[in-house]
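The structure under discussion appears below in the form of structure tokens.
What follows draws every value from the coordinates through simple rules; no lab data is involved. The structure presented is a predicted model; accordingly, all values stated were derived computationally and were not measured. Heads up, the Cβs are rebuilt from the backbone with ideal geometry, glycines too, and the neighbour counts pull from every protein chain shown.
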Amino acid sequence: MELKKAYYVRLVREALKEDLGKAGDVSTIAVFTGKEKGTFRLIAKDKGVLCGNAVFEEVFRQIDRRITIKWFYDDGAVLEPQNIVAQVRGSVKSILMGERTALNFICHLSGVATRAHQLVSISRQYGGSRPVQILDTRKTLPGFRMLQKYAVATGGAANHRIGLYDMVLLKDNHIDAAGGITAAVERVRKKWGRRFKIEVETRTLADVQEALALGVDRIMLDNMDNEKIRQALEIIGGRIETEASGNMNEERLAQLAGTGLTYISFGELTHSVRAFDFSLKHEKGRS
């Protein structure tokens, strides 16, 4: 997935406005005049996958275009604790003003990429010749969706729908309010024809059989236990794509990775991931 500037320039602007307010960084303004120059090192304090270099740079670009950043690792690189990831040089005042905002972005995005990488690694370890693909969901922070989905892809997992506009996903509320799976699918085809792929959420084996008979593009096996998932896969017989969703964890991923499932989706990739730990430290004696 390509990271476009349109995904983050406005977010960075709003984040800086939120942090600096009208008075600015009153701590830094009191200590530094703006003439002092310094060099800072971005240091990894975790093991994981780097993501967010361009967004980190954009924070300092918006504060002071004279700040320079030298990267020693690119997005997607696997980091070890104490790796020096980048060197930031310029006005001490400007760098300190942007420090926390820049770290907030790169810590969160690297946390998402790292978790995606961990889940993909488990799938490959236990999935044999056809490991299940890891998907994200739409459970993203408002305004951050494209950044978070970029981070998921950077970690080696795949993106589900970007939004409500690029694929039909008939969930329980659609189905119940429409009067059933068949009624919902028929309405979609009447409205859109074959313009969009159709995925149907199923809760029972009878639902699976009904969706399969309708010739939809993907069947979601929602909140099913492992045994029911295996039974559903036998019914489907590899004829269409499948996705398991709901109450997934590392243990279940290892158990299901080689069953023939096409996808397993993890909402945790974006809604509750742990931030990667970085620090930005001044290099004493260097200006």
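Table for the structure above
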quantity: Meets criteria (more than 30 Å from Arg41 (Cβ to Cβ) and either in contact with a His (Cβ under 8 Å, 6 or more places away or on another chain) or part of a strand (DSSP E or B) (or both)) for Thr182; calculated: no
quantity: Residue check, Thr114 part of a helix (DSSP H, G or I), of a type in the set (Ser, Thr, Tyr), buried (at least 18 other Cβ atoms within 10 Å of the Cβ) and touching a Gly at 6+ places or on another chain (Cβ under 9 Å); calculated: yes
quantity: Any hit, the stretch 224-240, residues being acidic (Asp, Glu), within 26 Å of Glu186 (Cβ to Cβ) and within 28 Å of the chain's Cα centre (by Cα); calculated: no
quantity: Of residues in the stretch 129-181 being β-branched (Val, Ile, Thr) and under 20 Å from Arg10 (Cβ atoms), the one surrounded by the most Cβ atoms within 10 Å (Cβ to Cβ); calculated: Thr140
quantity: Within the stretch 15-30, tally of residues that are farther than 19 Å from Phe278 by Cβ, of a type outside the set (Ser, Thr, Tyr) and touching a residue at least 60 places away in the same chain (Cβ under 8 Å); calculated: 4
quantity: Qualifying position, being of a type outside the set (S, T, N, Q) and in contact with a Cys (Cβ under 6 Å, 6 or more places away or on another chain), among Asp75, Asp64; calculated: Asp75
quantity: Among (1) buried (at least 20 other Cβ atoms within 10 Å of the Cβ); (2) part of a helix (DSSP H, G or I), the one test that Cys51 misses; calculated: (2)
quantity: Enumeration of residues in the stretch 49-77 that are without any contact (Cβ under 8 Å) to a residue 60 or more places away in the chain and charged (D, E, K, R); calculated: Glu57, Glu58, Arg61, Asp64, Arg65, Arg66, Lys70, Asp74
quantity: Selected residue (criterion: surrounded by the fewest Cβ atoms within 10 Å (Cβ to Cβ)) from residues of the stretch 1-48 that are assigned to a loop (DSSP other than H, G, I, E, B) and among the hydroxyl-bearing types (Ser, Thr, Tyr); calculated: Thr33
